[in-house]
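The values are calculated or read from the model by the stated rules, or taken from the named source; none is laboratory data. None of these values were measured; they are calculated from a predicted model. Cβ sites come from the backbone with ideal geometry, for glycine too, and all protein chains shown count toward neighbours.
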Amino acid sequence: MNRQAGFTLLELVIALAIFALLGLASWTLFDGVVRVQRSTMTHEGEFRRLQRAVAVIERDLLHVTEQPIMLGQTQLQLQRGNWRNPLDQARSERQALTYRLDNGVLWRDSRAEGTQIEQRQKLLEDVRHLSWRLFDRQAGWRSDWPTGQAVDAPLALEVQLSTGRFESIRRVLLLPGAWP
């Protein structure tokens with residue numbers, strides 16, 4: 001009787017081929033998971049930057065004063081009150097703010113009332129389109145806002161922008177005059 005004590009060469013080749021196919025399938029699956037994770041992290045980062053920029057604008061609009069609002073195609077100027085002063089410095093609580101689009105970057109320029117020092121903050125990069133509109137009770141949405149003493153305060157601000165992966169973002173923010 002002839003008994004074998006091991007595997008034949010053919011059995012070893014077949015086993016190696018099966019393990020190679022399993023390894024290749026595992027690597028392909030792992031590579032796909034890593035790519036999806038990178039893409040998700042990039043998307044999440046862009047979304048957080050967008051959320052942060054809109055939150056800064058919304059925070060400023062919560063404290064907008066009755067002073068005139070200047071509205072341009074890619075620029076918004078307003079004045080806000082209730083500016084935090086954690087160091088209790090001798091300064092005004094009012095700030096003049098300008099949001100403007102410059103070479104694909106949304107900037108927030110702020111200047112304290114009574115000073116000439118301007119602070120510049122980069123809010124969002126890779127902005128392809130930006131537009132502002134204000135809501136008037138009589139005329140509806142307006143891309144131009146009249147200035148003067150007899151003008152009622154706007155009720156809401158609409159921001160439309162496209163940046164990065166986000167083709168069209170529209171956000172309507174209520175102004176203090178619209179609250180009951």
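If a residue must be touching a residue at least 40 places away in the same chain (Cβ under 8 Å) and of a type outside the set (D, E, K, R), how many such residues does region 30-46 contain?
Step one: filter region 30-46 for residues touching a residue at least 40 places away in the same chain (Cβ under 8 Å), giving 43, 46.
Then keep just the ones that are of a type outside the set (D, E, K, R); that gives 43.
So the count comes out to 1.
What's the total number of residues in region 1-33 that are modelled with pLDDT of 85 or more and of a type in the set (S, T, N, Q)? Outline the logic, then answer.
If we filter region 1-33 for residues that are modelled with pLDDT of 85 or more, which is where we start, we get 8-33.
When the remaining residues are screened for being of a type in the set (S, T, N, Q), the result is 8, 26, 28.
Residues flagged as modelled with pLDDT of 85 or more and of a type in the set (S, T, N, Q) within region 1-33 amount to 3.
Out of region 1-12, which residues are exposed (fewer than 10 other Cβ atoms within 10 Å of the Cβ) and assigned to a helix (DSSP H, G or I)?
So in region 1-12, the residues exposed (fewer than 10 other Cβ atoms within 10 Å of the Cβ) come out as 1-6, 8-10.
Across region 1-12, the qualifying residues are 9, 10.
How many of the residues making up region 124-134 are of a type outside the set (Asp, Glu) and either at positive phi or surrounded by fewer than 18 Cβ atoms within 10 Å (Cβ to Cβ) (or both)?
Of region 124-134, the ones of a type outside the set (Asp, Glu) are 124, 127-134.
If we keep only those that are either at positive phi or surrounded by fewer than 18 Cβ atoms within 10 Å (Cβ to Cβ) (or both) too, we end up with 128-129, 131.
Final tally of qualifying residues: 3.
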